[in-house]
1. Pairing the Cα long axis of helix 279-294 with the longest principal axis of the chain, what angle in degrees results, from 0 to 90 and rounded to the nearest 10?
2. Might you tell me the accessible area per residue for the chain, computed with a 1.4 Å probe and given in Å²?
3. Run the helix sum for the chain: -39,500 (n - 2.57) per DSSP H stretch of 4+ residues, divided by residue count, reported at 222 nm to the nearest 500 deg cm²/dmol.
4. Calculate the FRET efficiency for N247 and Q215 from the Cβ-Cβ distance with a Förster distance of 41 Å, rounded to the nearest 0.05.
5. Can you check what the net charge comes to around N229, using other residues whose Cβ is under 15 Å from the Cβ of N229 (Lys, Arg +1; Asp, Glu -1)?
6. Net charge within 13 Å of Y404 by Cβ-Cβ distance, Lys/Arg positive one each and Asp/Glu negative one each, not counting Y404 itself?
7. Using 20 Å as the cut-off for backbone N distance, which residues of segment 1-41 belong to the label zone defined by a point 7 Å from the Cα of T78 along Cα→Cβ?
8. Mind checking the angle between helix 305-315 and the chain's longest principal axis? C-alpha axes, 0 to 90 degrees, to the nearest 10.
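The values are calculated or read from the model by the stated rules, or taken from the named source; none is laboratory data. Source: prediction; values computed, not measured. Every residue, glycine among them, receives a Cβ derived from its backbone with ideal geometry; neighbour counts consider all protein chains shown. Keep in mind that these areas ignore ligands, DNA and RNA; they rest on the heavy atoms of the full protein, side chains included. Shrake-Rupley method; radii C 1.70, N 1.55, O 1.52, S 1.80 Å.
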Amino acid sequence: MSKSCKVKASQLQVGNFVRLPVSWKEHPFLFNSFRLKEEAQIELIKKLGIEYVFVDLNKSTAPPLTKEVTNDKTIKQTNEEIDALQAEMDKNKLTRIENLQKMRRDLQKTEQQFGRSVAMMRNLITKLRNRPLNAISDAKELISNITEQLINSENLVLHLMSDAKDSEGIYYHSLNVAVLSMMVAKELEWSREEIEAVGIGALFHDTGKLKIPSQLMRKKTPLTTPEINFIKQHPAMGVELLKLADNFPEDALPIVRDHHEYLDGTGYPNGLKGDQITLPTQLVAAVNLYDQLCHPEGQQKARTPYAALGFLYKNYKEKLNHATIGKLIKLLGVYPPGSVVELSSGQFAMVMAVNLEKILFPRILVYDPLVPKDQAPIVDLEIEGLTIVKCIAPSALPEKIHKYLSPRERVSYYFGDNNK
C-alpha cells in the first residue's frame, strides 16, 4: 500500500514523489503527482505559495529532508531564473493542452472513420445472403478506400477504438483482422493488389459462421465434440457462401478456406502444411489468432494485447509465419494500444495510440485523481521523459483507477495520420 506523508515545501529534495494539493489548472506541471527531477522544480513549488505537499515514500527515490537540515540547503536558482522557468513551463503546458485537444480531435475523426467502416461491414454482411454481388462490390469499395489511406499515409498512428456490442462482435472482429492484416502487408512492402486481396479475404474470413446457429456461437457451457467439429467447418461454409458471388476475387478464397491452417499441419479443416498455405493466408491466420486471443468466444479467458503477442511469439513459432509475427509485433509496438501499464513515475496509464516510427514511445492516457477524467492528459512518453516499467492486467487495477482509465473489453484498432 502507498505510504505518504505531509511535508513542508522547504523539506523537499530531488527524488521525492510529490502530490500537489492544488487544482491542475493552478500550476505549470503536467501532472498533480510526479517525481522531482531538479531543484528548480522545488523552488517553483515554493514560489507558487504552496506551503505543504504530500510525498509518496514508496515511489520516491529519496526521503524528504529532515527539519534540522532544511535551513542548510543552498539555493542555486535566482528569482529571475525561477520566473523564466515558470513562464516556459506555463507556455509548454498550454502547448500540451492544445496538443491534447488536437489528439482528441484526431482520435474522434478516426473513431468516425472506424464507425463508418463498421456500418459498411454490417450492411454488406446483411446483403451477402440475398444480394451477394452487391455485397462484394461494397466490400471492394471499402477495402480500396482503406488501402488508399494506408498507401498515402506517411506516418501512421494506430489508435484504440471504442468497445463493440456483444451482438456485433463478428463485424468488429472481421474489420479488425482486415485492417491489421492490411497494415502488416504494407509493412511487408506488398503491392497494392496484394494488400487489397488480403483485405477482402480477411473481411470475409468468418462468413461461414453466419451458417452456424447463433445460440451455438454464444454458448457459455463447454461445447460437445460434435459441436466443435461442426464449428470447424465454418471455413468451408464460408467458401460455399462466397461462391454465390462470381465477383469475389479468386486469390482471396484460400484466406477464407485456410485461415485456421498451421504450417506444421496441426490446423483445420484439412491439415495443410507449409507451402500448401498461401502467404496471404499465413498472414491472416496470425492476425486472426491474435484477435481471438484478445477476445475469445465462449468460456475462454481473454488475454491482454501485450500477453497475446507474447503468447503468439512463444508458442506458435512452428505454426505461424515468422515474418508475419515479427511485423505484427513491430506494428502494434511492445505495448499495443489497449495495454494498461505502470510508468517510471509510478503512475498507471492506458496506451491509446502507437506511432509506427516510435513504437517504444506510445501515447498514453494517464491516471491522476486530481485531474478530471475528461481532461486527463494524453501524453507522448518521449516528450515527457517517461518510460513504461511493466504491463498489468486491467483486472488488477483498483476500482477507481479502472473506472477512470476504462480499459476496453474488446480491443479494436484503426489508423490515422500523425500530423504532429
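1. The two axes meet at around 50 degrees.
2. 48
3. It comes out at -14500 deg cm²/dmol, rounded to the nearest 500.
4. Efficiency for this residue pair is about 0.80.
5. +3
6. 0
7. 39-41
8. So the helix axis and the longest Cα principal axis differ by about 60 degrees.
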